[in-house]
Amino acid sequence: MSTPEQNAPVHTAGAAEESRPSLSALLLDPSFWADWASVVGLVGLVIVFGISQPIFLSIANLQALLLAATILVVLSIGQTFVVATAGIDLSLAAAVMLGAIILGLVNAAGYGIFLACVLAVAATSAVGFLNGVLITAGKIPDFVVTLGTLSGITGLGLILSGGEPTMVGSTFLLRLASGSFGPFGYPVWVAIAAVIVAHIALYHTRFGVHLLATGGQVESAGALGIRTNRVKIAAYTISGFCAGIASLLLVARIGSAEPQINTSLLLNSVAAVVLGGVSLFGGRASILGPAIGALMLTALVNGLTLLSVSAFYQPLAVGAIVVLAALIMRYQK
Amino acid sequence: MSAVDRIPPSEAILACDGLSKHFGGIRAFTDVAFQARRGEVTAVIGDNGAGKSTLIRCLVGVHVPDAGRIFFDGRPHPFANPDEARKAGIETVHQNLALIDELTVAQNLFLNREIVRRIGPFALLDRAAMKQRARAMLSRLSINMPSVNQRVRRLSGGQRQAISICRAAGSGAKLVVMDEPTAALGVQETANVEALIRRLREQEVSVILVSHNFDQVRRLSDQIWVMRAGRMVATVRSSQTTGNELVALVTGAA
Ligand SMILES: Nc1ncnc2c1ncn2[C@@H]1O[C@H](COP(=O)(O)OP(=O)(O)OP(=O)(O)O)[C@@H](O)[C@H]1O
Ligand SMILES: [Mg+2]
């Protein structure tokens with residue numbers, strides 16, 4: 001490429017030329033690395049683990065890795081919508097537990113697996129909606145509200161379940177968990193579908209633009225007639241909906257509904273969003289970035305396991321990577 | 001208080017009376033009556049903190065006034081939010097609330113006015129059409145912009161101002177409200193905006209203009225309203241006033 005350095009803006013009226021920075025300039029720009037942190041990290045991990053433990057690159061392991069990443073990918077998408085509005089959803093993992101318990105109880109009561117799934121997703125979406133309403137109409141900071149619902153639905157889950165796991169022996173969920181189509185298992189297809197739908201919603205709909213505008217400058221967005229409160233409520237509801245989908249995948253995978261919160265899911269969903277180049281201050285987001293971030297975190301755990309690194313070290317590694325990503329993020333403009 | 005001539009409601013595009021707005025203990029303005037004649041350029045002047053921007057924001061639905069009535073196009077029409085005002089045909093260039101930094105020039109120009117394509121039950125953004133129309137809107141105002149795909153964050157203050165003027169003027173509104181539109185602009189850009197305001201007037205679009213530049217106000221407007229310390233204190237025909245009289249009205253030295 002021989003693009004000359006262009007410092008002066010093109011001074012022809014309404015110039016149609018779109019100036020593109022050259023490749024070398026792009027590679028020297030720290031904000032490029034910040035934007036693509038998750039991709040760079042994933043590629044780096046694949047190379048390191050691929051060399052040190054060739055089994056890592058076996059088809060079987062890659063398939064297992066993708067399967068293991070699905071729940072986190074779906075949750076990261078939900079978290080992305082919230083973070084794009086400059087918020088945060090701390091109740092995400094608790095909502096997954098609530099969805100699982102409702103699924104288990106409705107199924108155990110003999111109402112059929114489809115109704116159970118629908119009610120589970122409806123319940124987690126309702127939790128998200130409630131979060132959104134409390135934050136906007138109640139004017140309470142997002143982390144306080146979602147910390148409150150985190151605690152509230154933890155209690156609700158324990159009360160509903162009596163603290164006991166419920167077996168879910170459904171052939172539908174069994175097939176969802178173990179069946180595959182083409183190269184991927186069904187859960188991977190669910191995650192791929194979620195990525196595609198979310199990407200279209202973010203980049204190709206009015207809602208997506210309004211979401212980013214709300215996260216960017218909420219007052220300016222409001223002055224232009226965007227109903228910023230509704231947009232925020234929608235973002236939290238989407239987050240809850242994603243938690244519901246994740247709860248279906250979780251129950252399908254382990255075959256029972258456990259009244260237990262997997263807190264690493266929450267932390268990793270935020271980590272994936274940060275790795276994916278989504279600004280924690282809102283207004284800037286992508287779907288592919290966090291999805292790849294989720295893949296990267298799963299690959300990290302998978303590779304460390306293959307290298308027989310004790311599971312005790314894994315949270316440490318995740319933590320280090322997230323802080324590193326956040327540091328790189330400071331260069332993001 | 002000088003006599004404020006009442007015009008028949010049918011001649012006013014936007015009017016208010018008894019309008020008041022407080023922020024906690026701070027009084028932005030009290031008991032304001034104001035009218036903008038259809039097809040005219042109506043100017044509002046006054047010192048810093050006189051309440052001009054807050055009045056504008058109440059008129060276009062950003063703030064809800066504490067008391068008073070607002071009429072748009074002859075009908076009582078308090079706008080509950082800016083969306084209703086825009087749908088009714090009022091576009092506003094706000095003094096501080098303007099652009100979204102993280103969005104591109106084209107996205108800002110079409111914010112909340114996005115062009116969509118219907119595909120079955122879904123409405124997807126027609127980004128190509130928006131970019132093309134954005135380029136046309138900018139070139140019609142002779143605005144220099146390297147690319148409509150650029151994020152607004154990197155643009156200069158004047159370029160940003162130009163985009164928000166472009167957005168307000170380019171959408172076929174009945175009434176365009178501009179709060180200090182040329183405050184951040186250079187000589188050439190200011191001349192462009194003044195030409196634009198004249199063109200809007202020729203197209204029988206009503207304009208409300210807030211400005212500190214008395215020469216500009218006298219050149220462009222038909223009627224001038226003067227605010228002082230939260231009150232509407234006078235209104236004069238632009239053709240029948242002088243710069244000195246305006247200074248006296250604004251400072252209260254008359
Ligand atoms: N959102 C707000 N909260 C509290 N006070 C406000 C708010 N907006 C305006 N004010 C106060 O209302 C008064 C009028 O402000 P306003 O911005 O309307 O003045 P202005 O006439 O537009 O001044 P300028 O010429 O400097 O733009 C000021 O005292 C200001 O501090
Ligand atoms: Mg002002």
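Would you pick out the residues in the range B:120-135 that are more than 9 Å from chain A (Cβ to nearest Cβ) and of a type in the set (D, E, K, R)?
B:D126, B:K131, B:R133 - these are the residues of the range B:120-135 that are more than 9 Å from chain A (Cβ to nearest Cβ) and of a type in the set (D, E, K, R).
Here's the yes/no breakdown for (1) more than 16 Å from ligand 1 (Cβ to nearest atom); (2) over 17 Å from the mean Cα position of the chain (by Cα); (3) acidic (D, E):
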{"residue": "B:R151", "(1), (2), (3)": "yes, yes, no"}
{"residue": "B:R154", "(1), (2), (3)": "yes, yes, no"}
{"residue": "B:Q161", "(1), (2), (3)": "no, no, no"}
{"residue": "B:S164", "(1), (2), (3)": "no, no, no"}
{"residue": "B:G170", "(1), (2), (3)": "yes, no, no"}
{"residue": "B:R219", "(1), (2), (3)": "yes, yes, no"}
{"residue": "B:M227", "(1), (2), (3)": "no, no, no"}
{"residue": "B:R237", "(1), (2), (3)": "yes, yes, no"}
{"residue": "B:V250", "(1), (2), (3)": "no, yes, no"}
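What are the pairs with Cβ atoms under 6 angstrom where one residue, in the range B:230-254, is on the phi > 0 side of the Ramachandran plot and the other, located anywhere, is assigned to a loop (DSSP other than H, G, I, E, B)? Sequence gap at least six, or different chains.
Every condition considered, the pairs that remain are B:G230/B:G51.
Which residues, taken from the range B:60-88, are under 16 Å from the mean Cα position of the chain (by Cα), among the charged types (D, E, K, R) and surrounded by fewer than 21 Cβ atoms within 10 Å (Cβ to Cβ)?
Selection gives B:D83, B:E84, B:K87.
What about A:A126, is it modelled with pLDDT of 95 or more and surrounded by fewer than 24 Cβ atoms within 10 Å (Cβ to Cβ)?
Taking the combined requirement at face value, the residue satisfies it.
Listed residues A:F181, A:F207; which is under 23 Å from the mean Cα position of the chain (by Cα) and among the aromatic types (F, W, Y)?
A:F207
Might you let me know whether the range B:223-233 holds any residue that is of a type in the set (D, E, K, R) and over 12 Å from B:G46 (Cα atoms)?
Scanning the range B:223-233 turns up no residue that is of a type in the set (D, E, K, R) and over 12 Å from B:G46 (Cα atoms).
So in the range B:20-41, with the set limited to residues that are in contact (Cβ under 8 Å) with a residue 40 or more places away in the chain and within 16 Å of ligand 2 (Cβ to nearest atom), which one is farthest from B:R201 (Cα to Cα)?
My answer is B:R27.
Does the range B:151-163 contain at least one residue that is in contact with a Pro (Cβ under 8 Å, 6 or more places away or on another chain) and more than 11 Å from chain A (Cβ to nearest Cβ)?
Yes, the range B:151-163 contains a residue that is in contact with a Pro (Cβ under 8 Å, 6 or more places away or on another chain) and more than 11 Å from chain A (Cβ to nearest Cβ).
On the basis of being surrounded by 24 or more Cβ atoms within 10 Å (Cβ to Cβ), at negative phi, assigned to a helix (DSSP H, G or I) and within 14 Å of chain B (Cβ to nearest Cβ), does A:A221 make the cut?
Considered against the rule, which asks whether it is surrounded by 24 or more Cβ atoms within 10 Å (Cβ to Cβ), at negative phi, assigned to a helix (DSSP H, G or I) and within 14 Å of chain B (Cβ to nearest Cβ), A:A221 comes out as yes.
Failed condition for A:D142, given (1) modelled with pLDDT of 95 or more; (2) within 14 Å of A:S91 (Cα to Cα), with all others met?
(1)
Would you please name the residue that is nearest to A:A108 (Cα to Cα), looking only at residues in the range A:130-187 that are of a type in the set (S, T, Y) and not in a helix (DSSP H, G or I)?
A:T166
Among the numbered conditions (1) over 11 Å from B:A43 (Cα atoms); (2) in contact with an Asp or Glu (Cβ under 6 Å, 6 or more places away or on another chain); (3) not polar (S, T, N, Q), tell me where B:V210 comes up short.
Among (1) over 11 Å from B:A43 (Cα atoms); (2) in contact with an Asp or Glu (Cβ under 6 Å, 6 or more places away or on another chain); (3) not polar (S, T, N, Q), the lone unmet condition for B:V210 is (1).
Checking the condition buried (at least 23 other Cβ atoms within 10 Å of the Cβ), assigned to a helix (DSSP H, G or I) and either at the interface with chain A (Cβ under 10 Å from one of its Cβ atoms) or basic (K, R) (or both), which residue from B:L138, B:L99 passes?
Every option except B:L138 fails the conditions.
Give me a count of the residues in the range B:12-52 that are within 12 Å of ligand 1 (Cβ to nearest atom), under 18 Å from the mean Cα position of the chain (by Cα) and surrounded by fewer than 21 Cβ atoms within 10 Å (Cβ to Cβ).
Qualifying residue count, the range B:12-52: 3.
Any idea which of A:V231, A:V251, A:V274, A:V318 is within 19 Å of the chain's Cα centre (by Cα) and under 30 Å from A:G169 (Cα atoms)?
Residue meeting the stated conditions: A:V251.
Taking the range B:63-85 as the search range and keeping residues that are within 12 Å of chain A (Cβ to nearest Cβ) and touching a Ser or Thr at 6+ places or on another chain (Cβ under 8 Å), which one is nearest to ligand 2 (Cβ to nearest atom)?
Restricting to residues being within 12 Å of chain A (Cβ to nearest Cβ) and touching a Ser or Thr at 6+ places or on another chain (Cβ under 8 Å), the top hit is B:H63.
Tell me the helices (runs of 4 or more DSSP H) entirely within the range B:163-254 that contain at least 2 residues that are at pLDDT below 85, within 16 Å of ligand 2 (Cβ to nearest atom) and under 22 Å from B:A15 (Cα atoms).
none
Could you say whether any residue in the range A:191-203 is within 14 Å of another protein chain (Cβ to nearest Cβ), closer than 30 Å to B:E114 by Cβ, surrounded by 16 or more Cβ atoms within 10 Å (Cβ to Cβ) and more than 18 Å from the chain's Cα centre (by Cα)?
The answer is no; no qualifying residue exists.
Take A:L173 and decide whether it is buried (at least 21 other Cβ atoms within 10 Å of the Cβ) and at pLDDT below 90.
Considered against the rule, which asks whether it is buried (at least 21 other Cβ atoms within 10 Å of the Cβ) and at pLDDT below 90, A:L173 comes out as yes.
The values are calculated or read from the model by the stated rules, or taken from the named source; none is laboratory data. In this text the structure is predicted, and so the values were computed from the model without any measurement. Reconstructed Cβ throughout: ideal geometry from the backbone, glycine too, with neighbour counts over all protein chains shown.
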